[in-house]
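The values are calculated or read from the model by the stated rules, or taken from the named source; none is laboratory data. These figures come from a predicted structure and were not determined experimentally. Positions of Cβ are backbone-derived with ideal geometry, glycine not excepted, and every protein chain shown enters the neighbour counts. Accessible surface is based on the protein model in full, side chains and every heavy atom, while ligands, DNA and RNA are left aside. Shrake-Rupley method; radii C 1.70, N 1.55, O 1.52, S 1.80 Å.
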Amino acid sequence: MNRPYVFCYMAPSLNGKIKGSYRKKLEEENSDATKLFYVEGFTPEGRYGDNQGVMCGRLTTDENLTKFKKPELDTNAEIVKAGDFIAKDINLDNKFYISVDPKGKIAWQNSTIKFGNLTNNIIEIITNETSNEYKYFLRRKNISYIIAGDKNIDFETALMKLKQLLFKIEKLMLGGGGILNWSLIQQNLCDEISLLVMPTADGSPDTPSLFQSKDGMSGDKPVSFNLKTVEKKGNIAWLTYTINNNNN
């Protein structure tokens with residue numbers, strides 16, 4: 001393939017939610033669940049230890065990492081060179097955290113971040129609508145960025161660049177949110193679904209689900225999946241699927 005192998009690895013509630021009060025109940029009754037997710041997903045000895053990075057959406061990144069801070073932009077920033085930017089002297093032995101950030105809003109503090117207890121080089125996926133000031137901000141932080149698309153992210157181009165540029169990413173984890181997950185599935189750009197189905201639920205109608213469509217990014221055309229493996233991990237069901245892309 002001219003892009004990385006992409007697998008979506010998530011830990012939803014029993015009713016398919018990826019955020020909500022069910023997580024508190026889970027921590028109270030199954031404290032090893034989070035450890036299982038990270039050990040299997042990110043450490044070298046885990047099932048997905050050979051992945052070279054994780055891709056997450058802007059909201060997921062802000063909620064879990066940057067806490068909705070605003071980037072300090074220089075309104076007098078010099079005009080940056082057109083095209084992608086590859087950070088200087090990046091450690092290619094690190095994994096990569098790929099942030100899908102179409103408009104350029106995430107307030108990174110450094111060029112690397114801890115994710116799953118491992119150091120990750122940050123790569124921003126932006127569009128041509130991203131301001132010069134934000135691109136200058138990323139360059140000052142020595143954070144790589146890839147331009148893919150005009151208004152919305154062109155995921156096919158983004159993935160191709162992640163593999164073909166200096167990063168040489170061959171296997172990539174898709175880590176949410178639901179809109180990002182569904183967008184790649186709808187575009188035939190996701191190869192495998194891996195779910196640690198948690199034995200809790202809260203029934204909230206307002207929390208995000210595993211897959212969600214969004215106008216301008218993806219439709220809601222049904223997709224079928226082929227069950228690959230089923231494992232029991234205590235009260236957790238670990239399910240893996242391939243995707244029947246003939247439905248798209």
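Of all residues in region 212-248, those being in contact with a Leu (Cβ under 7 Å, 6 or more places away or on another chain), under 28 Å from residue 59 (Cβ atoms) and aliphatic (A, V, I, L, M) number 2. Count of region 104-117 residues, restricted to those that are open to solvent by 50 Å² or more (accessible area, probe 1.4 Å) and either more than 19 Å from residue 134 (Cα to Cα) or in a strand (DSSP E or B) (or both), is 3. For region 139-165, the tally of residues that are in contact with a Gly (Cβ under 8 Å, 6 or more places away or on another chain), surrounded by fewer than 18 Cβ atoms within 10 Å (Cβ to Cβ) and modelled with pLDDT of 95 or more stands at 1. Specify the residue that is nearest to residue 228 (Cα to Cα); the eligible residues are those in region 170-206 that are assigned to a loop (DSSP other than H, G, I, E, B) and within 14 Å of the chain's Cα centre (by Cα). Checking each candidate, the answer is 190. Regarding residue 199, is this residue surrounded by fewer than 17 Cβ atoms within 10 Å (Cβ to Cβ), in contact (Cβ under 8 Å) with a residue 40 or more places away in the chain and not aliphatic (A, V, I, L, M)? Yes: the conditions hold for residue 199.
Filtering 11, 77, 33, 87 for residues that are surrounded by 15 or more Cβ atoms within 10 Å (Cβ to Cβ) and free of Cβ contacts under 8 Å to residues at least 60 places away in the same chain leaves a single hit, 87. Is it the case that some residue within region 210-232 is among the hydrophobic types (A, V, I, L, M, F, W, C), within 30 Å of residue 93 (Cα to Cα) and surrounded by 17 or more Cβ atoms within 10 Å (Cβ to Cβ)? No, region 210-232 has no match at all.
With respect to the conditions (1) part of a helix (DSSP H, G or I); (2) over 17 Å from residue 97 (Cβ atoms); (3) open to solvent by 30 Å² or more (accessible area, probe 1.4 Å); (4) not hydroxyl-bearing (Ser, Thr, Tyr), residue 82 lacks only one, and its number is (1).
Reported count of residues in region 166-222, each being closer than 16 Å to residue 100 by Cα, out of contact with any helix residue (DSSP H, G or I) (no Cβ under 9 Å at 6 or more places or on another chain), among the polar types (S, T, N, Q) and modelled with pLDDT under 95, is 0.
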